[in-house]
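A.B. asks: Can you read through this structure? Questions will come right after.
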Amino acid sequence: MKAKRILSGMQPSGKLHLGNYFGALKNWVSLQDEYECFYFIADWHALSSLYEGPGRIKDFSFEVAIDWLSAGLDPEKCTMFLQSEIPEHAELHLILSMIVPVPWLERNPTYKEKQDEVKNVEMNSYGFLGYPVLQTADIVLYKADFVPVGIDQAPHLELSREIVRRFNKLYKKVFIEPGAKISDVPKLNGVDGRKMSKSYNNAIFLSDNEKEVSKKVQSMLTDPARARRDDPGNPDVCNLYPFHKIYSPKALQDEIAVDCRTAKIGCGDCKKMLSQTMLEGMRPMMEKRQDILTRPDEVKEILREGTLKAQAVAKSTLELAKQAMKLK
Ligand code: TRP
Ligand code: SF4
């Protein structure tokens with residue numbers, strides 16, 4: 001039996017951080033072994049928020065590709081490509097845009113949320129409203145069975161399924177309704193306790209070096225009620241403890257939880273231990289990055305080869321869609 005197909009994309013809006021890694025990328029890496037995976041850099045989508053300085057998108061895309069490879073996406077196991085290299089995405093987006101009622105887009109919750117979240121740039125373009133239509137084109141061109149996404153993207157995927165049903169009903173069954181593959185994401189906040197985000201300046205990046213990681217760990221917010229060294233702390237409300245849950249061995253986690261509650265250790269001790277286990281955990285990724293950075297041309301070659309493979313699939317699906325509509 002043929003392996004089921006996975007497709008997912010990420011916007012290139014800068015270097016990836018641990019929130020991106022544990023929220024998506026780590027899952028993508030493990031899916032490579034079981035599924036036929038297509039992963040792409042959604043650089044056209046990034047234009048919806050970066051249209052005032054679109055020149056940055058090219059560099060961001062390259063950074064994302066390096067982050068992906070460092071984190072373990074393997075060109076032998078998955079297909080990686082850049083959205084804008086495959087114009088079929090734009091063409092199918094246009095076709096779908098003719099059958100998607102605008103109210104479907106207006107009631108998309110992420111449309112409003114994003115507008116509220118992004119403060120420094122106006123997010124009210126025609127293209128941004130149609131963001132989920134382009135996203136649907138991305139998915140259905142590859143006849144993806146599943147799309148691994150964060151829970152916040154679930155409404156987009158439901159909309160994609162609605163669009164697929166509408167197309168298949170109007171013309172002919174060409175597309176498959178994509179299922180969401182929502183992974184459970186460990187709760188990791190930024191060093192200041194707010195959601196980890198590049199714009200909050202509280203992120204630990206996959207590309208940070210050992211010194212930067214240690215420094216950020218030292219600066220982390222802990223249990224705010226633990227003002228003095230002798231005050232007992234509470235790991236359950238501590239912003240740092242979830243990092244131990246990811247990076248430290250279970251025995252150490254348990255020991256820390258007890259010693260924190262009895263004030264046997266201070267937050268400084270706790271941070272030292274975290275720095276150590278975190279760096280150990282991140283080291284393979286750091287070493288891989290150093291290796292990749294010596295051969296940047298190879299990264300471009302990987303994307304080029306991915307594009308060739310992906311475009312063959314995209315072309316044939318677009319052809320079927322046009323035939324179904326009797327445009328060809
Ligand atoms: N919306 C996704 C994000 O913000 C990126 C994306 C674009 C995507 N097209 C997609 C994700 C198709 C999954 C499938 O990161
Ligand atoms: Fe958090 Fe560790 Fe301090 Fe406890 S000792 S409050 S777990 S940083």
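The values are calculated or read from the model by the stated rules, or taken from the named source; none is laboratory data. Computed from a predicted model, the values in this text were never measured in an experiment. Counting neighbours? That spans all protein chains shown, and the Cβs are built from the backbone with ideal geometry, glycine included. Heavy atoms of the whole protein, side chains included, go into the accessibility calculation; ligands, DNA and RNA do not. Shrake-Rupley method; radii C 1.70, N 1.55, O 1.52, S 1.80 Å.
A.B. asks: Show me the helices (runs of 4 or more DSSP H) found entirely inside the stretch 92-176 where at least 2 residues are away from ligand 1 (no atom under 16 Å from the Cβ) and free of Cβ contacts under 8 Å to residues at least 24 places away in the same chain.
C.D. replies: Numbers: elements: 102-106, 109-117, 126-129, 131-140, 154-170.
Where helices (runs of 4 or more DSSP H) fall fully within the stretch 92-176 and carry at least 2 residues being away from ligand 1 (no atom under 16 Å from the Cβ) and free of Cβ contacts under 8 Å to residues at least 24 places away in the same chain, they are 102-106, 154-170.
A.B. asks: Still on this structure, I have one more. Kindly indicate whether K300 is within 16 Å of ligand 2 (Cβ to nearest atom) and either in contact with a His (Cβ under 8 Å, 6 or more places away or on another chain) or open to solvent by 20 Å² or more (accessible area, probe 1.4 Å) (or both).
C.D. replies: no
A.B. asks: Further, regarding this structure: Which is in contact with a Lys or Arg (Cβ under 9 Å, 6 or more places away or on another chain) and at negative phi, of M220, M286? First the steps, then the outcome.
C.D. replies: Working: M286 fails: in contact with a Lys or Arg (Cβ under 9 Å, 6 or more places away or on another chain).
Every option except M220 fails the conditions.
A.B. asks: Tell me which residues, restricted to the stretch 228-248, are within 25 Å of the chain's Cα centre (by Cα) and charged (D, E, K, R).
C.D. replies: Within the stretch 228-248, the first condition is being within 25 Å of the chain's Cα centre (by Cα), and the residues that meet it are 239-248.
K245 - this is the single residue of the stretch 228-248 that is within 25 Å of the chain's Cα centre (by Cα) and charged (D, E, K, R).
A.B. asks: Among the residues of the stretch 219-234, are any in contact (Cβ under 8 Å) with a residue 24 or more places away in the chain, surrounded by fewer than 19 Cβ atoms within 10 Å (Cβ to Cβ), within 30 Å of W68 (Cα to Cα) and not assigned by TED's automatic domain parsing to the domain that holds A24?
C.D. replies: yes
A.B. asks: Taking the criterion of being within 10 Å of ligand 1 (Cβ to nearest atom) and touching a residue at least 12 places away in the same chain (Cβ under 8 Å), would at least one residue in the stretch 25-37 satisfy it? Step through it out loud before you land on a result.
C.D. replies: Here is the first cut: in the stretch 25-37, the ones within 10 Å of ligand 1 (Cβ to nearest atom) are none.
Looking through the stretch 25-37, none of the residues is within 10 Å of ligand 1 (Cβ to nearest atom) and touching a residue at least 12 places away in the same chain (Cβ under 8 Å).
A.B. asks: Also: I need the full set of residues from the stretch 152-167 which are open to solvent by 20 Å² or more (accessible area, probe 1.4 Å) and either within 17 Å of the chain's Cα centre (by Cα) or under 16 Å from L94 (Cβ atoms) (or both), in order please. Write out each step before concluding.
C.D. replies: Step one: of the stretch 152-167, the residues open to solvent by 20 Å² or more (accessible area, probe 1.4 Å) are 152-155, 158, 161-162, 165-166.
Across the stretch 152-167, the qualifying residues are D152, Q153, A154, P155, R166.
A.B. asks: Taking the stretch 235-270 on its own, how many of its residues are part of a loop (DSSP other than H, G, I, E, B), within 10 Å of ligand 2 (Cβ to nearest atom) and open to solvent by less than 50 Å² (accessible area, probe 1.4 Å)? Break it down into steps so the answer makes sense when it comes.
C.D. replies: To start, the set of residues in the stretch 235-270 that are part of a loop (DSSP other than H, G, I, E, B) comprises 238-240, 248-249, 262-266.
Adding the requirement that they be within 10 Å of ligand 2 (Cβ to nearest atom) leaves 238-240, 263-266.
Now narrow it down to the ones that are open to solvent by less than 50 Å² (accessible area, probe 1.4 Å): 238-240, 263, 265-266.
Selection size over the stretch 235-270: 6.
A.B. asks: Select from the stretch 177-188 the residues that are within 16 Å of ligand 2 (Cβ to nearest atom) and either surrounded by fewer than 17 Cβ atoms within 10 Å (Cβ to Cβ) or without any contact (Cβ under 8 Å) to a residue 60 or more places away in the chain (or both) and list them in ascending order. Spell out how you get there, then give the answer.
C.D. replies: Here is the first cut: in the stretch 177-188, the ones within 16 Å of ligand 2 (Cβ to nearest atom) are 186-188.
The answer is P186, K187.
A.B. asks: Let me ask another. Determine which member of the set V118, V102, V149, V140 is surrounded by fewer than 20 Cβ atoms within 10 Å (Cβ to Cβ) and under 20 Å from the mean Cα position of the chain (by Cα). So that I can check it myself, show each step before the final result.
C.D. replies: Values: V102 fails: under 20 Å from the mean Cα position of the chain (by Cα); V149 fails: surrounded by fewer than 20 Cβ atoms within 10 Å (Cβ to Cβ); V140 fails: surrounded by fewer than 20 Cβ atoms within 10 Å (Cβ to Cβ).
Exactly one residue qualifies, and that residue is V118.
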